[in-house]
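Each remark here refers to the structure printed beneath this line.
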There are 2 protein chains.
Amino acid sequence: MLNFEVLQMDGKARRGRLQTTHQMVETPVFMPVGTQATVKTLTPEDLQEIGVQIILSNTYHLYLRPGAELIERAGGLHRFMNWPGSILTDSGGFQVFSLSKLRQISDEGVYFNSHIDGSRHFLTPEKVMEIEISLGADIAMCFDECPPYPCTYQEASRAVERTSQWARRCQAAHHQEGQALFGIVQGSVFPELRRQSARELVDLNFPGYAIGGVSVGEPKEEMYRAVEITAPLLPDEKPRYLMGVGEPEDLLEGVARGIDMFDCVLPTRLARHGTAYTHQGKITLRNATYAEDFSPVDEECPCYVCQNYSRAYIRHLIKAGEILALRLLSYHNVYFLAKLMENIRSAIEKGQFTDFYQKFYQQYKF
Amino acid sequence: MLNFEVLQMDGKARRGRLQTTHQMVETPVFMPVGTQATVKTLTPEDLQEIGVQIILSNTYHLYLRPGAELIERAGGLHRFMNWPGSILTDSGGFQVFSLSKLRQISDEGVYFNSHIDGSRHFLTPEKVMEIEISLGADIAMCFDECPPYPCTYQEASRAVERTSQWARRCQAAHHQEGQALFGIVQGSVFPELRRQSARELVDLNFPGYAIGGVSVGEPKEEMYRAVEITAPLLPDEKPRYLMGVGEPEDLLEGVARGIDMFDCVLPTRLARHGTAYTHQGKITLRNATYAEDFSPVDEECPCYVCQNYSRAYIRHLIKAGEILALRLLSYHNVYFLAKLMENIRSAIEKGQFTDFYQKFYQQYKF
């Protein structure tokens with residue numbers, strides 16, 4: 001089951017509520033990424049303490065390892081990883097085109113070599129639906145063709161056509177109680193193709209829509225423009241998900257353009273590089289300047305890490321190669337984005353989103 | 001302050017209570033090792049949930065990185081790492097002799113090169129006391145000479161003499177309210193030298209004594225024999241600490257010979273190699289045999305990990321290189337030893353230690 005309701009609007013920003021099989025999700029929402037059935041370094045209890053309501057997991061990775069059948073036999077992904085909240089699985093489309101090797105793509109599907117062991121695989125829309133049903137997420141995504149940036153108009157156009165064909169095949173193959181299937185709009189940076197893709201997918205009447213083919217290396221302005229063009233073409237009463245985004249400023253820009261859902265590996269990836277979000281911008285804790293800085297990572301942050309540890313301690317852990325550094329920074333960074341979304345929701349409720357947006361940019365340094 | 005009381009005995013096994021400046025410690029106790037101001041992968045909250053009362057931290061490592069002065073400026077080790085329980089710091093004697101390079105030892109002290117950056121250092125008993133006072137643990141250890149195994153009688157004899165001299169100098173240099181200083185008995189595998197070392201140190205009237213120079217590569221039988229000889233020579237009313245030990249069976253054997261305190265890196269080190277303790281013995285979760293084993297790590301274990309995750313899930317995390325695997329296994333392994341000690345304490349209280357000891361060996365496979 002899936003039920004979505006827009007509770008309030010402030011400009012184009014939407015305050016909504018998404019009821020999935022497992023959990024009510026307050027939107028706009030940021031979904032941390034648990035690529036391999038774990039949000040790196042964190043437990044489900046950590047995520048709940050942080051206030052995470054829904055996570056994303058990667059079909060491509062789980063299909064290759066440990067395999068969808070194994071996860072199905074474990075009772076599905078929720079049970080396998082012990083996560084009681086909502087899960088969205090992507091379709092592997094992006095990964096097949098970005099990670100795998102020796103790709104051969106046809107209308108039927110995609111041949112590729114595993115990035116893990118080089119083994120040969122063939123994914124079709126039907127096969128992806130089978131895998132996503134085995135994983136058992138609350139929300140599944142259609143198998144799409146995600147072209148790189150930059151690409152020619154012709155390439156983008158072919159990807160749009162194929163994505164629409166595959167969306168039809170996914171829809172035909174997907175019959176699963178309790179799992180909603182979202183369509184993905186492609187079209188790269190070409191307004192005409194974005195419009196075509198949105199129109200063709202909206203005709204299929206999916207319960208939700210994603211904007212894909214963004215955050216693939218294009219300048220931020222291009223990404224914002226693609227969202228600006230696409231979002232208004234999607235049904236008002238359905239959730240809109242901007243894939244693979246983003247940075248704090250991207251979340252704000254997305255919400256300002258009517259986006260309800262986001263996902264990104266950045267908070268945990270930055271943590272592994274010793275970088276932390278703060279209200280003043282990102283800081284690299286590895287730097288010597290923090291060696292004797294006994295203040296918290298972010299003075300304004302009420303999270304567990306900022307309440308209990310100093311920059312100097314976390315820097316020591318990083319320099320000493322201690323895993324706890326990655327764990328504490330992952331916790332803080334995921335919290336930072338979760339809290340940002342909570343504040344955004346609250347601002348929309350009060351009709352103060354523009355004000356919040358401006359204050360963020362006054363404080364946050366790039 | 002330090003206060004120790006033997007509440008009950010069962011054979012040579014002692015059920016006691018050690019009051020340190022920070023926390024009451026129920027003995028016999030196992031101290032997990034937080035080498036670099038963190039018990040690898042775990043937070044203080046994890047340790048408290050596990051029931052850990054006291055941890056060990058390594059003076060040698062903290063002196064080299066981040067430096068004792070920095071930790072002193074942070075408000076001491078407890079505050080730096082946010083650990084409210086008790087801490088014991090070793091003296092660096094063992095590490096100087098096992099990790100560092102280009103050692104030059106004299107009666108005055110030890111020159112050595114850092115294993116991190118090759119920088120040259122000189123540690124004396126007085127300098128080590130200064131460092132341990134800066135770290136501010138509840139219990140500090142005397143700087144000792146820890147000879148390797150095997151070593152000649154002459155080498156062991158010289159180490160005993162030097163350890164006694166250094167113990168006198170440590171005692172003279174150590175004046176620190178709230179921190180107790182323990183002596184370390186050396187003597188390798190030579191009963192006569194163990195007796196000499198114990199006699200000389202007991203004369204100095206330390207508030208507690210460690211048996212050092214064990215778990216340095218000697219056969220287990222040799223280690224047990226060294227404990228058997230040494231423990232009865234130490235004052236009944238003072239805590240006895242067996243350094244660098246150990247495995248579950250070593251804890252039992254130590255308690256059976258009158259030991260009150262233990263420390264060892266094994267539970268967290270084994271975790272990093274994908275190995276878990278169970279009531280049936282150690283298992284290597286990396287093995288393919290656990291790929292679809294949806295049972296907990298240890299059926300009899302009530303810990304957080306065993307209540308929430310399967311062997312198959314943890315194996316997947318190991319194979320996928322996910323840090324959560326190390327975190328979950330570290331948690332379980334430390335819990336396993338903490339729980340073992342709790343059960344040992346309870347058995348002593350009931351006068352059933354021999355029974356408990358026999359049952360352990362019936363179940364635990366080597």
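The values are calculated or read from the model by the stated rules, or taken from the named source; none is laboratory data. Worth saying up front: this structure is predicted, and the values here are computed from it rather than measured. Cβ coordinates were reconstructed from backbone atoms using ideal geometry, including for glycine residues, and neighbour counts include every protein chain displayed. Surface areas here come from the heavy atoms of the whole protein model, side chains and all, with no ligands, DNA or RNA. Shrake-Rupley method; radii C 1.70, N 1.55, O 1.52, S 1.80 Å.
Considering region B:184-207, the residues that are in contact with a Gly (Cβ under 8 Å, 6 or more places away or on another chain) and not hydrophobic (A, V, I, L, M, F, W, C) include one that is farthest from B:Phe4 (Cα to Cα), namely B:Ser188. Taking the criterion of being touching a residue at least 60 places away in the same chain (Cβ under 8 Å) and assigned to a loop (DSSP other than H, G, I, E, B), the residues of region A:268-297 that qualify are A:His279, A:Gln280.
Filtered by the rule that a residue be closer than 30 Å to A:Leu326 by Cβ, touching a residue at least 40 places away in the same chain (Cβ under 8 Å) and open to solvent by less than 10 Å² (accessible area, probe 1.4 Å), region A:229-249 gives A:Tyr241, A:Pro248. Only residues that are surrounded by 20 or more Cβ atoms within 10 Å (Cβ to Cβ) and either among the charged types (D, E, K, R) or free of Cβ contacts under 8 Å to residues at least 40 places away in the same chain (or both) were counted in region A:11-45, giving 5. Of all residues in region A:298-307, exactly one satisfies the criterion of being touching a residue at least 40 places away in the same chain (Cβ under 8 Å) and either in a loop (DSSP other than H, G, I, E, B) or under 17 Å from B:Ala68 (Cα atoms) (or both), namely A:Cys303. From the list A:Leu252, A:Leu266, the lone residue that is open to solvent by 10 Å² or more (accessible area, probe 1.4 Å), under 25 Å from the mean Cα position of the chain (by Cα) and under 30 Å from A:Phe143 (Cα atoms) is A:Leu266. In summary, A:Asp293 fulfils each of the numbered conditions (1) more than 8 Å from every other protein chain (Cβ to nearest Cβ); (2) under 22 Å from A:Asp46 (Cα atoms) with the single exception of condition (2). Among the numbered conditions (1) among the aliphatic types (A, V, I, L, M); (2) within 12 Å of chain A (Cβ to nearest Cβ); (3) within 19 Å of B:Arg345 (Cα to Cα), the only one that B:Val25 does not meet is (2). Among the residues of region A:83-122, those that are within 14 Å of chain B (Cβ to nearest Cβ) and open to solvent by less than 40 Å² (accessible area, probe 1.4 Å) comprise A:Trp83, A:Ser114. When region B:308-327 is limited to residues that are part of a helix (DSSP H, G or I), touching an Asp or Glu at 6+ places or on another chain (Cβ under 9 Å) and under 18 Å from B:Ala288 (Cβ atoms), the one that is farthest from the other protein chains (Cβ to nearest Cβ) turns out to be B:Arg311. Total residues in region A:330-347 satisfying the condition of being open to solvent by less than 10 Å² (accessible area, probe 1.4 Å) and either at the interface with another protein chain (Cβ under 8 Å from one of its Cβ atoms) or in contact with a His (Cβ under 9 Å, 6 or more places away or on another chain) (or both): the figure is 0. Looking at region B:125-138, can you tell me whether even one residue there is within 14 Å of chain A (Cβ to nearest Cβ), within 21 Å of B:Leu2 (Cβ to Cβ), in a helix (DSSP H, G or I) and open to solvent by 70 Å² or more (accessible area, probe 1.4 Å)? The answer is no, given that none of the residues of region B:125-138 is within 14 Å of chain A (Cβ to nearest Cβ), within 21 Å of B:Leu2 (Cβ to Cβ), in a helix (DSSP H, G or I) and open to solvent by 70 Å² or more (accessible area, probe 1.4 Å). Here B:Lys365, B:Lys350 are screened, and the one residue that is modelled with pLDDT under 95 and either open to solvent by 40 Å² or more (accessible area, probe 1.4 Å) or more than 24 Å from the chain's Cα centre (by Cα) (or both) is B:Lys365.
Given the condition crowded, with 19+ Cβ neighbours inside 10 Å and more than 19 Å from A:Thr89 (Cβ to Cβ), answer yes or no: does some residue in region A:170-185 qualify? No: zero hits.
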